[in-house]
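Data block below; observations after.
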Amino acid sequence: MGSDDKFLAYGRQNISDADIGAVVDVLKSDFLTTGPAVAHLEDQLCYYTGAAHAVVCNSGTAALHLCLLAADVGPNDDGGGDVVIVPTVTFLSTANVVQMVGGQVVFADVNPMDGLMHLEDAVAAFEKAKAKGLNVKAVMPVHLNGQCADPAALYNWAQENKILVIEDAAHAIGSKYLANGGEYQIGSCHHADFTEFSFHPVKNITMGEGGAVMCANDQFAKRAALFRSHGMTRDNTNFQLVENVDNPWYYEMQEMGWNYRASDIQAALGASQLKRLDQFIQHRRRLVDFYDQSFIGFTPELMPLGKLPNQLPAWHLYPVLIDFDGIGQSRAQVMDALRNKGIGTQVHYIPVHQQPFYTDKYGVEILPGADAYYDRVLSLPLHTMMQEEDAAFVVQTLRQIITQK
Ligand SMILES: Cc1ncc(COP(=O)(O)O)c(C=O)c1O
């Protein structure tokens, strides 16, 4: 790869014969949708993360929506909707699900070196909300690129302030962090009320499309499963119309739900990929180490992402921070030049508070950490179908482009 005839995308899936075999087995079986393969993936996710419950669904966005529904975040007596703190450097979904349930977003700034909402950023957003007379109901830390900014401290602060923690770990399945002398797996829900995973094809493992809600609380898990399928229950111990308790056909809907079911076809792929996750993580770490080494003393205008202590990230993306004014080229020019050499890059993300939908709704806001991160960030190729020589080609090509002024 790295030559003229192959394009090196910034991210891509890795599908083995075993993955294909697992999908084919489901296609030949009795169940195509939410059957034993979904239940198996849920068990495996619990086993991998140590969480008590997993509810697998058809996207990460659906999983985030289910977390908020299960947590009863929605319209409130104030008329404005429950308030949720969301870091502005994330994919649209994290903020959009708050709109979907009728809540309101307060955007938090991020650290300009790593793009993460740190505790002080969450506290600043909380104070901003308080100054407007708003009570915060939940906070949604985003484990951007695979790193997480001190989940234990954030959870302690959230608990003190009666705030729910809903982790957006779309990038971070397999990441671990150290806290209070222990090692914790993202998704274990030791320091969160909920964790969401996405299994979109560019993520660390894929179901084609898919996601999961992880949680420790039995009631939360039950509610997430209920909202996943139309709010419909067949559990006769909970029927409101008790005369139907013994009717075998009977189901009951007591709350509004959606069709967020994942198919067994997708779940079989997910479970097969999950078996390969640790191997994928090692591969990604080797590439990240290679890039990091290569960028030491590279040029003062390019800095690798700020790395946090006390964690073992399952790297999802490899962003670098480039002073585009300093190199005298725009980001679009650098991306085009790389593309012409067969290298795909991407920008993660346009800060969500800058989107017209949100400026129309909440007004224009300046979040300087996010602006500084967004001005410089560029994600280079990182995936398990590439090798060190591909990363070397990226580094060498970037060097040529940056020094050609
Ligand atoms: C940070 C983040 N949150 C949420 C999502 C939503 O996941 P999905 O695409 O599976 O709906 C994504 C996916 O791009 C993401 O990157």
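Give me the helices (runs of 4 or more DSSP H) completely within the stretch 331-405, filtered to those with at least 1 residues that are modelled with pLDDT under 95, ordered by residue number.
Numbers: elements: 331-340, 356-362, 368-376, 388-402.
Result: 388-402.
Suppose we keep only residues that are within 16 Å of the ligand (Cβ to nearest atom) and in a strand (DSSP E or B) within the stretch 81-99. Which one would you say is surrounded by the most Cβ atoms within 10 Å (Cβ to Cβ)?
The initial filter retains those residues of the stretch 81-99 that are within 16 Å of the ligand (Cβ to nearest atom), namely 84-99.
Applying the additional criterion that residues be in a strand (DSSP E or B) yields 84-87.
Values: 84: 28, 85: 26, 86: 26, 87: 32.
Here the answer is 87.
Of all residues being in a loop (DSSP other than H, G, I, E, B) and without any contact (Cβ under 8 Å) to a residue 40 or more places away in the chain in the stretch 258-299, which is nearest to the chain's Cα centre (by Cα)? Just the residue, please.
Here is the first cut: in the stretch 258-299, the ones in a loop (DSSP other than H, G, I, E, B) are 258, 260-262, 295-299.
Still in the running and without any contact (Cβ under 8 Å) to a residue 40 or more places away in the chain: 296-297.
Working: 296: 29, 297: 32 Å.
Across the stretch 258-299, the extreme among qualifying residues is 296.
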Point to revise | Selected residue (criterion: surrounded by the most Cβ atoms within 10 Å (Cβ to Cβ)) from residues of the stretch 208-217 that are near the ligand (Cβ under 9 Å from one of its atoms) and not in a strand (DSSP E or B) | key: 210
Check your understanding: Can you tell me how many residues in the stretch 100-154 are within 16 Å of the ligand (Cβ to nearest atom), free of Cβ contacts under 8 Å to residues at least 40 places away in the same chain and assigned to a helix (DSSP H, G or I)?
Key -> 1
Exercise for review: Say whether the condition of being within 26 Å of residue 283 (Cα to Cα) and touching a residue at least 12 places away in the same chain (Cβ under 8 Å) is met by at least one residue in the stretch 323-340.
Suggested key: yes
Check your understanding: On the given criteria, is residue 202 β-branched (Val, Ile, Thr) and either without any contact (Cβ under 8 Å) to a residue 12 or more places away in the chain or away from the ligand (no atom under 16 Å from the Cβ) (or both)?
Key -> no
Practice item. Evaluate the stretch 38-48: report whether one residue or more is away from the ligand (no atom under 16 Å from the Cβ), over 19 Å from residue 186 (Cβ atoms) and of a type in the set (Phe, Trp, Tyr). Key: no
Check your understanding: Within the stretch 177-192, can one find any residue that is within 13 Å of the ligand (Cβ to nearest atom), among the polar types (S, T, N, Q) and more than 25 Å from residue 101 (Cα to Cα)?
Key -> no
Review point. Would the stretch 21-33 turn up any residue that is without any contact (Cβ under 8 Å) to a residue 12 or more places away in the chain and among the basic types (Lys, Arg)?
Key: yes
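Would you please name the residue that is nearest to the ligand (Cβ to nearest atom), looking only at residues in the stretch 50-72 that are assigned to a loop (DSSP other than H, G, I, E, B) and either without any contact (Cβ under 8 Å) to a residue 24 or more places away in the chain or in contact with a helix residue (DSSP H, G or I) (Cβ under 9 Å, 6 or more places away or on another chain) (or both)?
Initial filter on the stretch 50-72 (assigned to a loop (DSSP other than H, G, I, E, B)): 50-52, 58-59, 71-72.
From what's left, either without any contact (Cβ under 8 Å) to a residue 24 or more places away in the chain or in contact with a helix residue (DSSP H, G or I) (Cβ under 9 Å, 6 or more places away or on another chain) (or both): 51-52, 58-59, 71-72.
Numbers: 51: 18, 52: 23, 58: 9, 59: 4, 71: 17, 72: 21 Å.
Result: 59.
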Exercise for review: Mind listing whichever residues of the stretch 155-169 are part of a loop (DSSP other than H, G, I, E, B) and in contact with a Gly (Cβ under 9 Å, 6 or more places away or on another chain)?
Suggested key: 169
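If only one of 230, 190, 200 is surrounded by fewer than 24 Cβ atoms within 10 Å (Cβ to Cβ), closer than 30 Å to residue 384 by Cα, in contact with a strand residue (DSSP E or B) (Cβ under 7 Å, 6 or more places away or on another chain) and at pLDDT 95 or above, which one is it?
Details: 230 fails: closer than 30 Å to residue 384 by Cα; 200 fails: in contact with a strand residue (DSSP E or B) (Cβ under 7 Å, 6 or more places away or on another chain).
Just one listed residue meets the conditions, 190.
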Point to revise | Per-region count, the stretch 36-49, residues under 17 Å from residue 227 (Cα atoms) and in contact (Cβ under 8 Å) with a residue 24 or more places away in the chain | key: 2
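Scan the stretch 35-56 for residues that are surrounded by 20 or more Cβ atoms within 10 Å (Cβ to Cβ) and either of a type in the set (Ser, Thr, Tyr) or closer than 13 Å to residue 195 by Cα (or both) and report the count. Break it down stepwise before answering.
Residues of the stretch 35-56 surrounded by 20 or more Cβ atoms within 10 Å (Cβ to Cβ): 37-38, 41-42, 45, 49, 51, 53-56.
Adding the requirement that they be either of a type in the set (Ser, Thr, Tyr) or closer than 13 Å to residue 195 by Cα (or both) leaves 45, 49, 51, 53-56.
Selection size over the stretch 35-56: 7.
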**Study point:** Members of the stretch 155-166 that are touching an Asp or Glu at 6+ places or on another chain (Cβ under 6 Å) and either within 16 Å of the ligand (Cβ to nearest atom) or among the hydroxyl-bearing types (Ser, Thr, Tyr) (or both)
**Key:** 165
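Out of the residues in the stretch 233-275 meeting the condition of being among the aromatic types (Phe, Trp, Tyr) and over 30 Å from residue 12 (Cβ atoms), tell me which one is surrounded by the fewest Cβ atoms within 10 Å (Cβ to Cβ).
The initial filter retains those residues of the stretch 233-275 that are among the aromatic types (Phe, Trp, Tyr), namely 239, 249-251, 258, 260.
Keeping just the survivors that are over 30 Å from residue 12 (Cβ atoms) gives 239, 249-251.
Working: 239: 17, 249: 6, 250: 13, 251: 14.
Checking each candidate, the answer is 249.
The values are calculated or read from the model by the stated rules, or taken from the named source; none is laboratory data. Keep in mind that this is a model prediction, so the values were computed, not measured. A quick note on method: Cβ atoms are made from the backbone with ideal geometry, for glycine too, and the neighbour counts reach across all protein chains shown.
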